[in-house]
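What follows is one structure encoded as structure tokens, with my remarks underneath.
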Amino acid sequence: MRHFWAVAAVAMGVSLSSGAAADQVVEFWTPDSEGQYSYVMAEEFMAQNPDVTINLKTVNFNDIVNDLQRAVATGQAPDMSYIDNPDTVLFSSAGVLMDLTSRFAASSIVDPDDIFPGPLMSVQWEGGIYGIPRGSNTIALFYNADMFRAKGLDPDVPPQTWDELYNAAKALNDPENDVYGLAFAAVASEEGTFQFLPFLQAAGGAYDQIGGSAGEMALSYWSRFLEEGLVSQDALVRGQWDATGTFNSGNTAMSISGPWELPRMSEDADFEFRVAVLPAANDGGPRASALGEGNHVIFEGSESADAAFRFMEYMYSQMPRVWNEFGYLPASRVVVEEPNWPEAYGVFVDQMAWARSRGPHPQWAQISKAHQDAIQNALTGRMTAQEAAAAAQAQIDAILK
């Protein structure tokens, strides 16, 4: 890993243009598709700044890290990119991202004191600031209030503990009508880790502490849902977007997902849906959730750094819009006036109080892979929950050493 980044750093060079040139072109990589956040922001910014062209490239979310590493190694990195929050430190610690501290100091738009601690931590490394959070999100429990009523459950009293969540899923499960009680994403990707960490943390574990009783407890709990048919076996290969799609279509009674689902859920779900904070493992036990969303960064050596930072400032200035228009939470202390889905907004704001960052750690991808292996091994029955948790802990210990 150190050798790879040493080659990458040399390939990139360290030059930086001294000022914004006319007609600058900013190459920008994003997981968004046309019509989504990055494209909307770019169109607006270019309309107001005709001297800058933003060239967007859509990269699959799960491929961004590997694609960026290859681009850096060959000297073909974009000027700027979106990077998931736990992966940002991988690049900043390698010295391939531009330290934006001086630009923050000179900016009248971006103030690190206004950014929430979790998102800000994800862009910091050894005293420097290497990005601007584009927003935040976390996950909570969506549930079909109509199905609750039909099965004799009170939609005003959502599950508060793991036992209550299990019992609700069992009551709501309706195989004859192709309805599962619950949907979550146990896929072998960062999405699986993102969804699993809150359960591990609620059981008393942490991203670097999956071995022992906490990991065994969380893995056993998830496995029980699949073993009893309360969650589809597709959970092992399906991401959050597709899992929640089954909820929107009425084929799942409850779904663990985030606020990015609200715009399409409002259009696709032909029923009353509600959202609640994730249940605690036990009555009165700690709540937990994971910090999602990512950061905008500029790569060292970019000749369009000034224009890229101006674009990043513009996106940051639009933070009050992100909830209503794009379905995620602001990363800074801004006022969201008349929020859409006000009840859901309040729940996700509450849930953010327990949202923990994934890491951060320069080798986060390897740590996350250990969690993914544990999930897949336990839920497919290749290992017991105890064995899967122990194997993952051994992987993580080796990484941390």
Seminar exercise, completed: Each label sits 7 Å from Cα toward the beta-carbon; between residue 161 and residue 234 the label points are separated, in nm, by 3.3 nm
Problem set entry | Shape call, the range 17-133: gyration tensor on alpha carbons, a/c limit 1.5 | rounded
Seminar exercise, completed: Given backbone amide H placed at 1.01 Å from N, residues whose amide H is under 5 Å from that of residue 131, ignoring those fewer than 5 places away on the same chain, are 100
Problem set entry | Carbon plus sulfur fraction of accessible area for the chain, probe 1.4 Å, in percent | 48 percent
Exercise. Could you work out the helix-only [θ] at 222 nm for the chain, with each DSSP H run of four or more residues adding -39,500 (n - 2.57) and the total divided by the number of residues, to the nearest 500 deg cm²/dmol?
Worked result: -12500 deg cm²/dmol
Problem set entry | Heavy-atom surface of the chain, accessible at 1.4 Å and reported per residue (Å²) | 40 Å²
For this session: Please report, in debye to the nearest 20, how large the charge dipole of the chain is about its Cα centre when each Lys and Arg carries +1 at its beta carbon and each Asp and Glu carries -1 there.
Result: 1020 debye
Seminar exercise, completed: A student asked for the Cα radius of gyration and Dmax of the range 86-238 in angstrom ought to give 20.5, 63
Seminar exercise, completed: Here, GluC sites (Glu not before Pro) of the range 245-347 satisfying both criteria (DSSP loop; at most 10 other Cβ within 10 Å) are 337
Problem set entry | Per-selection metrics, the chain (Cα): Rg and Dmax in Å | 21.5, 67
Seminar exercise, completed: Sorted largest first, the C-alpha extents of the range 263-401 along its principal axes in whole angstrom are 51, 48, 30
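The values are calculated or read from the model by the stated rules, or taken from the named source; none is laboratory data. Since the model is a prediction, treat every value here as computed from it, not as a measurement. Note: ideal-geometry Cβ built from the backbone for every residue, glycine included; neighbour counts use all protein chains shown. In case anyone asks, the SASA skips ligands and DNA or RNA and just uses the protein heavy atoms, side chains included. Shrake-Rupley method; radii C 1.70, N 1.55, O 1.52, S 1.80 Å.
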